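Have a look at the structure below before the remarks.
The values are calculated or read from the model by the stated rules, or taken from the named source; none is laboratory data. It should be emphasised that the depicted structure is a prediction, and the values quoted were computed from it without experimental measurement. Methodologically, a virtual Cβ is constructed for each residue, glycine included, from the backbone with ideal geometry; neighbour enumeration extends over all protein chains shown. Surface accessibility is based on the protein's heavy atoms, side chains included, excluding ligands, DNA and RNA. Shrake-Rupley method; radii C 1.70, N 1.55, O 1.52, S 1.80 Å.
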Amino acid sequence: MKITHNTIAETLIIPLYGRSLGIAFFPQLYQDPYTKVMIKSLDYDLTALEKKKHTFFYRFGALEGILRSCDVLEEMDAYIKAHPRAAIVNLGCGLDVTPLIKEDQEITIYNVDVPEVIALCHALLADAHEHNIAGDLKDLSWAKAIDASHGVFLFAAGVFVYWHEEEVYNFIAALKTLFPAGVLVFDTLGKLGMKVLMKKTLHNMGIEDVEGLFYLDHFPKSWSVKYYLTGYVPLKEKGIPLSLRMMAYLFDHLFKMHI
C-alpha cells in the first residue's frame, strides 16, 4: 500500500517501525505476527530509518515502544481473568495491534480512530478479527457500538498527551458514566517530559506551549499508577543491557513516565 508524505498515514509509520525493531531486538519481551505483515504491505521508503536502527537511541526507542504494549497486556490480562468475555477497546488505535495478541480468547476487540486511520487498518489487516469504528473519540458516539455487557477494558496509548487537560478529565468522566464497571488504562508524562520528549512533535503540530496540554506530575489517590518503563517488566531478568535499563530508570523518574 502506497503511503504518501505529509498524511496521517505517514505519522503512523514511525511507531509501527519502532515496534518492528523492538520485536527484532527484544524478542524475549514481545512478539506479534501482525506488525511484520503490515510493514511488508507498505509502499514506503524506510531507508532513512534503517540507517539509524542500530544507534543507541533507536534501540532505546524500540524498547520504549514495546514496553508500553507489554504494560497494556499485563493490565489487560488481569481484567480478562475476571471478565473472560470482555470488550477490549483500543482508543485512538493507529496501527497498534496489541489486543490481537489475545484474539484466541473470548474477548471482542474494537478499534476506534479517525476514518483515514481505520481505512488503513482495513487495508493492512483485512482478515484481523476486530471491529473497526471510524469516528472522533471526543464525541463519544462510537461508544454506542461497544457491547460492554461482559465487561470493558479501554486503553489509550500515546493519545492523551495531545489533548488539553480539561478534555481528558471530561472524557474520563464520560467513560465512567458509560462504562461504570470498565477499566481505562493510559500513559502519561510529567510536565518536563512534555517539554523535552514531545518538543519536536508538538512543534511540528504548531504547538509551542504545553501549559494547556495534559500532563501529570501528581495523581488522584483513587488511580492505580505504575512506572511506564520499569514498573511492569523485570528488565534485568529479561536480559536487557545495563545501559538501556539505566536509561529506562532515568526516563521514568526524570520525565515522570507512568501507566
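Looking only at segment 173-195, count how many residues are small (Gly, Ala, Ser) and either open to solvent by less than 20 Å² (accessible area, probe 1.4 Å) or free of Cβ contacts under 8 Å to residues at least 24 places away in the same chain (or both). Give the derivation first.
Filtering segment 173-195 for residues small (Gly, Ala, Ser) gives 173-174, 181-182, 190, 193.
Subsequent filtering for residues that are either open to solvent by less than 20 Å² (accessible area, probe 1.4 Å) or free of Cβ contacts under 8 Å to residues at least 24 places away in the same chain (or both) retains 173, 190, 193.
Selection size over segment 173-195: 3.
Quick grid of which residues meet (1) among the β-branched types (Val, Ile, Thr); (2) under 20 Å from PRO15 (Cβ atoms); (3) surrounded by fewer than 14 Cβ atoms within 10 Å (Cβ to Cβ); (4) modelled with pLDDT of 95 or more:
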position: LYS200; (1), (2), (3), (4): no, yes, yes, no
position: MET205; (1), (2), (3), (4): no, yes, yes, no
position: GLY239; (1), (2), (3), (4): no, no, yes, yes
position: LEU242; (1), (2), (3), (4): no, no, yes, yes
position: HIS253; (1), (2), (3), (4): no, no, yes, yes
position: HIS258; (1), (2), (3), (4): no, yes, no, yes
Of (1) within 17 Å of the chain's Cα centre (by Cα); (2) aliphatic (A, V, I, L, M); (3) modelled with pLDDT of 95 or more, VAL97 satisfies every one except (3)
Check whether at least one residue in segment 80-97 is out of contact with any Ser or Thr (no Cβ under 7 Å at 6 or more places or on another chain), assigned to a helix (DSSP H, G or I) and buried (at least 18 other Cβ atoms within 10 Å of the Cβ), and report yes or no. yes
Scanning segment 140-170 residue by residue, those assigned to a loop (DSSP other than H, G, I, E, B) and touching a residue at least 24 places away in the same chain (Cβ under 8 Å) turn out to be LEU140, ILE146, ASP147, ALA148, HIS150, GLY151, ALA157, GLY158, VAL159, TRP163
From the option list ILE101, ILE118, single residue qualifying as in contact with a Cys (Cβ under 9 Å, 6 or more places away or on another chain), over 21 Å from HIS218 (Cβ atoms) and either among the β-branched types (Val, Ile, Thr) or surrounded by fewer than 18 Cβ atoms within 10 Å (Cβ to Cβ) (or both) is ILE118
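Can you find, within segment 32-55, the residue that is farthest from CYS121 (Cα to Cα) among those that are touching a residue at least 60 places away in the same chain (Cβ under 8 Å) and not in a helix (DSSP H, G or I)? Steps first, please.
Pass one, segment 32-55, residues touching a residue at least 60 places away in the same chain (Cβ under 8 Å): 32, 34-35, 37-38, 41-42.
Cutting the leftovers down to not in a helix (DSSP H, G or I) gives us 32, 42.
On the way: ASP32: 16, LEU42: 12 Å.
Checked segment 32-55; the qualifying residue farthest from CYS121 (Cα to Cα) is ASP32.
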Per the filter on segment 160-172, residues open to solvent by 50 Å² or more (accessible area, probe 1.4 Å) and either within 17 Å of the chain's Cα centre (by Cα) or not hydroxyl-bearing (Ser, Thr, Tyr) (or both) are TYR162, HIS164, GLU165, GLU166, GLU167, ASN170
Report task. Might you let me know whether segment 129-139 holds any residue that is assigned to a helix (DSSP H, G or I), at pLDDT below 90 and of a type in the set (A, V, I, L, M, F, W, C)? Result -> no
